[in-house]
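This report concerns only the one structure given below.
Every read-out reported here was derived from the displayed coordinates using simple, explicitly stated rules and does not represent laboratory data. This one's a predicted model, so the numbers in the text were calculated from it and none came from an experiment. Here Cβ is always computed from backbone atoms with ideal geometry, including for glycine, and neighbour counts include all displayed protein chains.
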Amino acid sequence: MAWSEGQALSPSNLNNVSGIVFNVKDPKFGAVGDGVTDDTAAINAAFAAAQPLGNTVFFPAGVYGISSTINIDKHVTFRGVESGTTNAGSEIKALSAVDPMLNITADDVGVQDLYFRGTGAGTGVYYNGTAAGLSACRASNLVFMSLPIGLLVDKTIASIFENIRTNLGQLRFRNGCTSITIISCYPANVVGGSGFKFENVRYLTLTGCAADGNDRYGYELDSSCESIVLTGCGAEVSGFGFCQTSGETIGIYNCFGF
């Protein structure tokens, strides 16, 4: 491991981590994590060191400022420390307008246990499969603040998104996404838009999700969506709970909205 920082990985942090772990605060990379310093170069250096494939870039608890997009074009996992009652967690903070904050163009990229804070514009994490398409991606335990689009997923297949929350930010899937699983995600308070927005997606399931306080709809599906199933989902205090403009084989089961 690349490891010289006072906060060691705990057994719980190491659960499900494969390969070598590269700590962005290692002196070789130099991240500070104070919310003021620009840590962009340090994060990019840790990512470069984490190649070849399958390794983890680890963010100890702290606030990591970035001034430009972090481009992830190799199979790695970006992992932080989820906030809790005794720790503040790991935050990536835009120091200026950064759009997107993470731009992912490789298969099998994971983003876990991180908090993203924007400046009121742009996208947090972009799974950008617009060229060749992406597969086997995963994102879990993420929070997005002050970002109109927290998570944007384009042309991605066979991937899982779980326990993702936003305040003022949409979760958006489009352009041929297929075989996507969405579990316990919660977009809230989107201004002028919907909590979830789906455009030209197929074979997608949502389970145990909620979308509250959004101006337009809780869940918006366009006419090109097919084989979408929502189970046990809810929408409260949104313009309308669920909006489906035709489409085929859309199933809504045990859901609630007002």
Zone of Ala131 (label point 7 Å along Cα→Cβ, backbone N under 19 Å): which residues in the range 106-121? 106-110
Radius of gyration, Dmax [the range 140-258; alpha carbons; angstrom]: 12.4, 35
If neighbour count is taken as other Cβ atoms inside 10 Å, put Asp38, Asp215, Asp113 in order from fewest to most. Asp215, Asp38, Asp113
If the reach is capped at under 16 angstrom between alpha carbons, list the lysines near Lys155, excluding any in the same chain fewer than eight residues apart. Lys197
Whole-Hz couplings from phi, Karplus 6.51/-1.76/1.60, listed for the range 146-157; x for Gly and Pro: 6, 9, x, 10, x, 10, 10, 10, 10, 6, 10, 10
Compute the length gained on full extension between Ile183 and Ala97: take 0.36 nm times their separation in residues and subtract their Cα-Cα distance, giving the result in nm to one decimal. 28.0 nm
Search the structure for amide H atoms under 5 Å from the amide H of His75, placed 1.01 Å from N in the peptide plane, and list their residues when 5 or more places away or on another chain. Gly54
Over all pairs of distinct alpha carbons, what does the Kirkwood formula give as the hydrodynamic radius of the chain, in Å? 18.4 Å
Stretched out fully, how many nm does the piece from Glu236 to Thr37 gain, at 0.36 nm a residue minus the Cα gap? 67.7 nm
If you add up the charges near Tyr64, with Lys and Arg at +1 and Asp and Glu at -1, over every other residue whose beta carbon is less than 11 angstrom from its beta carbon, what do you get? -1
Among Ala235, Ala158, Ala132, determine the one that fluctuates most according to a GNM of the chain built with springs between C-alpha atoms less than 10 Å apart. Ala132
For a quick check: with amide H placed at 1.01 Å from N, whose amide H comes under 5 Å from Leu168's, ignoring anything fewer than 5 positions away on the same chain? Ala188, Asn189, Val190
For the range 44-126, shape from the Cα gyration tensor axes a ≥ b ≥ c, cut at a/c of 1.5 then a/b versus b/c, turns out oblate
Report the extension gain between Arg138 and Asn254 in nm, rounded to one decimal, defined as 0.36 nm multiplied by the number of residues separating them, less their alpha carbon distance. 39.2 nm
Taking θ as phi - 60°, what are the ³J(HN,Hα) couplings along the range 166-177 by the Karplus curve (6.51, -1.76, 1.60), each to the nearest whole Hz, with x for Gly and Pro? 9, 10, 6, x, 7, 10, 10, 10, 7, 6, x, 4
